[in-house]
Every structure is written in C-alpha cells, then in structure tokens.
Amino acid sequence: MNEKRTIKVALLGAGSVGSQVARLLLEQADEYERRVGTRLELIGISVRNVDGRRDVELPRELYTTDAERLILSADVVIELMGGLHPALELITLALESGADVVTANKALLAHHGAELFELAERVGAQLYYEAAVGGAIPIIRPLRENLGGDRVERILGIVNGTTNYILDRMHTRGDSFEESLRIATDLGYAEADPTADIEGYDAQQKAAILASIAFHTSVPVDEVHREGITSVSIEQIEDAKRAGFVVKLLAICERVAAPGDGPDRVSARVYPALVPEAHPLASVHGGNNAIFVEAEAAGSLMFYGAGAGGVETASAVLGDLVAAARRHLLGGPGLGESMDADLPVLGVAEIDTSYQISLEAEDEAGILAGIAQTFAEHGVSVATLEQAAPATDEDGEVAEDARATLVIGTHRAKEGSLSKLVDALAQSPAVHRVNGVLRVEGANA
Ligand code: NAP
C-alpha cells in the first residue's frame, strides 16, 4: 500500500507568535491532515535557549539550538525569530535546500525581499509572508492574487497598532502623547523600547512591502519617506477634531501618473495625517489595523482587524503553511513575485496633497491679508480658514496680548512649495508661531 508521506515542518522561534503556531499545529494536527490531505509534522523548534520560559508548554524534545540541521530535514520552514540576522542566512539555506518558507519578518522582507524572492524563483521554491503586514488581516494574498488582474491606484494603511492606540486615546480621551504612550506600554500595546513604532520605522517597512506588491515594482525601504507621531500635540488633535478630521499614522502607497506618455511613478510614505471623520479609516479604533485599497476596477476595499498579537498573527502564518503544504503536494515551481515593473520612486517633495497649518498670529487688523499674501507668493491656495476663540482670563476677558490661533486648510500643493511656505510663515513678523502642519489624506474617497 502507498504510505502517505508527511510534510515536515521546522519552526524557527517560539516567542509570541511561534509558540502559538506550534500549539495550534500540534492541537489541530488531525484537522490539518483532513484539510491538506496529508500530515503536517512539526519536526522541531529552533530557539536560543531550550530552557527559556515560554507562553505555551510544548514538548521539550522539540526544542533545539541547531537551526541549520533542523532546516535541512524540513519541507517547509517557518521563520518567526525576527531581526535581519541570522534570519536572512537561515531562510537562504532553507530555500536553497528546496524547502518553502513562511515568514512574518517585515524587517527582513523590507531590506532583503528582492534578493529572497529572486532566490526562491531561481530554485523553484516559494516564500510566503502574509503575516508580515497587518497581523491576522489577509492583505498580501489579496494584493498579489485577488487584485493581480486589477490596477491598484492607492493604499492608505493603518498598519501599526501601537500608534493607532496612542492617537485614538489622544483623540477620544484628550490625553497627551506621553500619557497615552505610558498607558499603551502598561497595557502591552507598546514595547519597552517603542522607537520602531512611534518613530514610524515599523510602518515604513510595511509600506515598502505593500508598495512593492501593489505596483509590481521593487520599492526599497530607504526610499519610503518616514515621520513618526512623537511631535503630534494634543492641540493638533483638538484642531483636527474641530475641523472634522481624525489624526492617523498612515502608510501611503500611491501610483502617480507621469506627464505625457512616461511610465507611472510611485510614492510610498509614512506620516501622521488628517483623515476626514467620514472616511472608513477614521473609525479604526484602539490597536486595530486597517488597509484601505483603491483599485481601478474594484473601487475601494477595506481590510480590517487585529494587526498584531501572538495568536492572531499565528492565524496568518498557519494559512500560509496550509498553502505551502498543498503546493508541496502538487509539486512544480512556486508562484513568483511580479516586481519587475521598475517604476521610479518619487521623493516626498514631489508629492502633492492638501494640508492644514495651525499658527498663532498677532491679533491685529490687516494680519490676515499679510498671511494670505505669503500663501499666494508660494503658490499655495487657501481652501478654509478657521479662527479659534482667543484664550481668556478667569474673568472671561481676552488678554491684551492675546494672539489669534488660525487653522488654515490648503488646496493641493507640492510638498516642496509647502515647506518653503511654512519657513516663510515662521519668519513673518505677522506670525508668532507655526504650531504644526498636517497633511490631509483620503479626502476624496
Ligand atoms: P519574539 O517573541 O521575540 O520571539 C522570538 C523567538 O525567536 C524566540 O523564541 C527566540 O528564542 C527565537 N530566536 C531569536 N533569535 C534567535 C536565534 N538567533 N536563533 C534561534 N532562535 C532565535 O518574537 P515574536 O513577537 O514572536 O515575532 C516573531 C516575528 O513575527 C518577527 O519577525 C515579528 O516582526 C513578526 N510579527 C510579530 C507580531 C506580534 O504580534 N508579535 C505580529 C506580526 C509580525 P528564545 O525564546 O530562546 O529567546
């Protein structure tokens, strides 16, 4: 009788995600066997310390510190160690040995994705990475497969749960950035060192991955403009609220038509932006993620859910494992990435969008005309102007030296023109201080 062969699965890492992957793989082995048509056998788990404390109790004999040996016995390797090294070398070894690889490692893909995809294609293996962006949310497969016959125009993504939690708390509770970060840390939404999240590095890596798949071109991570949320003030959040906006840290990937017959260009950037209250992204609260995709034929789609968490992310990893196991049974070459469109990546100065500028001006006659003149000189036209009520003392009297707080919305303008305008405003004797500038995104969705 023909004995059914098993698919041998090696797991690299047993942290938040890896331990949940191992648990589900062991607990639901019979279910997976029915689904895939063959047994998925977890042959070992590579860690740094086999006696380390784990979230989940797993058979001790599965642990090893010899990752290379484990990889060479596997049909599918799941990399959940994180970091660039030795993940890069181990994934390379796995692909070269003919194994398919599943990874959640956005940092590695953002920095070395192109070479790993090229290697996978060359050896006929496949690299799966659904969990690298948006945790449990299906977004990689929808972009590369379901929308593979459409033309993606724009992606606006809330792809970092920590920053969404912080900004949401500032918006809904009125807490400062520092207080919101402290609470996010206490609740486990932020790591002890939150730099990668609050400075936008995590979202930058995810933007590079999303833009590359969506536009079928390689977008290097260092060409993704990045700004974090550390300078977003509670005053900006309040100004935004008054004007009908919500502040969100967005990963923005955009196809930009070239003048004439030239090839399209692409832009990928990360910054805190104003999103209209009516936009679906404005109602993404707490630590959730959402990716809003605009495609030529499909129109607008939104993918929403848990962007992180051990067990949630394990769902995406296991979905990839099932796909890899099915492919392994069928045989044949892997499904290559189509990233050879070779589209130029635009710098942020060449992007145009609209803005809200909040500034304090002297409260004197003729000041507005002077400010309007500065806008005109820089080719930026004013769309809306709102003047906040001046501060009053305990008796309700406006102080003699009170300044007018103006929130000025612009029409679309190039980033380059806008930054020159902001410099000029800051120098202007009419302006006491430029409180902040935020871009507006998603206003025409
Ligand atoms: P984690 O909790 O820090 O766990 C990392 C695991 O990898 C640990 O078991 C560690 O071993 C092992 N490891 C690290 N370096 C190793 C090395 N040099 N050799 C062998 N083993 C090594 O990480 P995680 O949160 O599960 O994240 C794993 C991956 O998933 C990362 O790429 C992350 O970006 C991605 N991801 C995570 C989430 C999430 O919510 N956590 C969401 C989406 C994507 P020891 O236990 O012995 O130290």
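What the table below lists for this structure:
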{"item": "Cα centroid separation, the stretch 274-315 to the stretch 242-272 (Å)", "result": "16 Å"}
{"item": "Sulfur and carbon atoms: percent of accessible area, the stretch 45-118 [1.4 Å]", "result": "46 percent"}
{"item": "Beta bridges per DSSP with both ends in the chain, % antiparallel, nearest 5", "result": "70 percent"}
{"item": "With DNA, RNA and ligands ignored, accessible area of GLU89 (1.4 Å probe; Å², nearest 10)", "result": "90 Å²"}
{"item": "By accessible area with a 1.4 Å probe, ligands and nucleic acids excluded, highest first: order of ASP193, ASP395, ASP352, ASP168", "result": "ASP395, ASP193, ASP352, ASP168"}
{"item": "Largest to smallest accessible area among GLU235, GLU227 [probe 1.4 Å]", "result": "GLU235, GLU227"}
{"item": "Phi-based couplings in Hz for the stretch 229-244 (Karplus 6.51, -1.76, 1.60; Gly and Pro marked x)", "result": "10, 5, 9, 6, 9, 5, 5, 5, 5, 5, 4, 4, 4, 4, 8, x"}
{"item": "Listed peptides 217-223, 299-305 by packing density, highest first (mean Cβ within 10 Å)", "result": "217-223, 299-305"}
{"item": "Under-5 Å amide H pairs with THR217, H placed in peptide plane, nonlocal only", "result": "ALA341"}
{"item": "Where HIS171, HIS378, HIS285, HIS85 fall by accessible area, highest first, once all protein chains stay in place (1.4 Å)", "result": "HIS85, HIS285, HIS378, HIS171"}
{"item": "Relative contact order %, the chain, counting alpha carbon pairs below 8 Å whose residues are six or more apart", "result": "16 percent"}
{"item": "Tally of Lys pairs whose C-alpha atoms are under 28 Å apart, taken over the chain, 8 or more apart or cross-chain", "result": "10"}
{"item": "Estimated distance in nm for a label pair at SER176 and LEU385, the labels positioned 7 Å out from Cα along Cα-to-Cβ", "result": "3.3 nm"}
{"item": "Å² per residue, accessible surface of the chain at 1.4 Å", "result": "45 Å²"}
{"item": "Under the Karplus curve 6.51 cos²θ - 1.76 cosθ + 1.60, θ = phi - 60°, whole-Hz ³J(HN,Hα) for the stretch 281-288, x wherever Gly or Pro sits", "result": "5, 5, 9, 8, 9, x, x, 6"}
{"item": "Among 200-211, 123-134, 48-59, the order from most to least packed when residues are scored by Cβ within 10 Å on average", "result": "200-211, 123-134, 48-59"}
{"item": "Charge dipole magnitude, Cβ of K and R +1, D and E -1 - the stretch 301-445, Cα centre, debye nearest 20", "result": "1060 debye"}
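The values are calculated or read from the model by the stated rules, or taken from the named source; none is laboratory data. The structure displayed is predicted, hence computed values, not measured ones. Positions of Cβ are generated from backbone atoms using ideal geometry, with glycine treated the same way; all protein chains shown enter the neighbour counts. Quick note on the areas: whole protein, heavy atoms, side chains included, nothing else; ligands and nucleic acids left out. Shrake-Rupley method; radii C 1.70, N 1.55, O 1.52, S 1.80 Å.
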